[in-house]
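Throughout, read-outs are computed from the coordinates displayed, never taken from laboratory work. Bear in mind that the values here come from a model prediction, so they are computed numbers and not experimental data. As a convention, Cβ positions derive from the backbone with ideal geometry for all residues, glycine included, and neighbour counts pool all protein chains shown.
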Amino acid sequence: MSPDPISTSDLLRRLYDYTLVGNGPEVLDLTRQGLQDGLGPETLLYEALIPALEEVGARFERGDFFVPEMLIAGKAMAGALEILRPLLAETGAQTIGKIVIGTVKGDVHDIGKNLVNIMFEGAGFQVIDLGVQVAPEKFVAAVQEHRPDIVGFSAFLTTTMPMFKANINALAKAGLRDQVIVMVGGAPVTQEYADVVGADGYAADASAAVVRAKELLAMRRAAALA
Ligand code: B1M
């Protein structure tokens, strides 16, 4: 017997609730069901999954949730993201640039970075993802090897944000700073902080990151032609 149909608002509320408590199988089922019912991947993402993780963070801050709860909620979200990935990245765009990206040393958060990757892929960028806990030397080696247009640093903790500066210094020391656009982002990062560390670009979310990357790339290409 097929399950009773549920309304869109009910589905989004359930998806939010199950993500909040980290019920992976239900999150996967509801994500699939939402898509089947004709909901767009962005709706599922921005109206249920991301708000649920924001609430997880708020509960953690209040001391109502602890690391294990954060972990299982994060895993549930990551599972849904795998289903949404091909749909979010589905544009058929040609390669318009190359980005090397990673979460900085000391930081294991990767859901936000992975979402940024998906949006970049969808916009036609080639994405080289170095993963999490990426040390400055590894970023330098990747820039030397892949010669990207952009190198992106994600940091999700106030304690790991200073790694932006360490990474930029390492690029400068290797004589690479002027050859690559540096973009930074992550939950606690601001435009002001990006300016202070000397990054070229900052964005608050994955969609804005792609828009900013395209602007910076166009500016750099125009400057090279001038
Ligand atoms: Co942690 N955690 N966590 N955590 N965690 C946060 C980040 C926190 C804000 C929670 C809170 O207190 N409210 C807090 C940081 C506080 C601070 O420093 N200001 C925190 C803490 C304290 C910690 C630990 C220290 C907890 C502990 O052990 N006591 C620990 C640190 C571990 C470490 O890294 N060394 C820790 C651990 C974890 C888990 C492993 C359990 C898990 C991570 C799972 C994973 O990522 N695989 C986890 C989770 C799930 C979270 C929250 C709840 C959710 C993060 C998330 O995925 N958000 C988070 C609370 C929150 O963010 N509200 C929290 C959804 C995601 C789509 O958004 O990450 O902001 P976001 O990404 C956005 C933008 O930032 C932007 O685009 C993304 C997509 O739109 N963006 C870029 C990201 N990178 C970009 C790069 C760009 C441009 C834009 O250009 C290159």
Contact order normalised by residue count of segment 41-160, Cα under 8 Å, 6+ apart, percent: 27 percent
Lysines within cross-link reach of K113: Cα-Cα under 20 Å, excluding same-chain residues under 8 positions apart? K75, K98, K105, K138, K165, K214
Rg over Rh, two decimals, the chain (C-alpha only, Kirkwood Rh): 1.01
Per-residue Cβ contact counts at 10 Å, fewest first, order I181, I101 as I181, I101
Taking the Cα atoms only, what angle lies between the long axis of helix 67-88 and the longest principal axis of the chain, rounded to 10 degrees? 80 degrees
Degrees between helix 206-225 axis and first principal axis of the chain (Cα, 0 to 90, nearest 10): 20 degrees
Answer with one residue from V210, V134, V108: the one whose Cα lies farthest towards the positive end of the charge dipole of the chain, charges on Cβ with Lys, Arg +1 and Asp, Glu -1. V134
For I96 and Q179, extending 7 Å from Cα along the Cα-Cβ vector and measuring point to point gives, in nm, a value of 2.5 nm
Using a 10 angstrom cutoff on alpha carbons, build the Gaussian network for the chain and name the most mobile of V108, V127, V100. V108
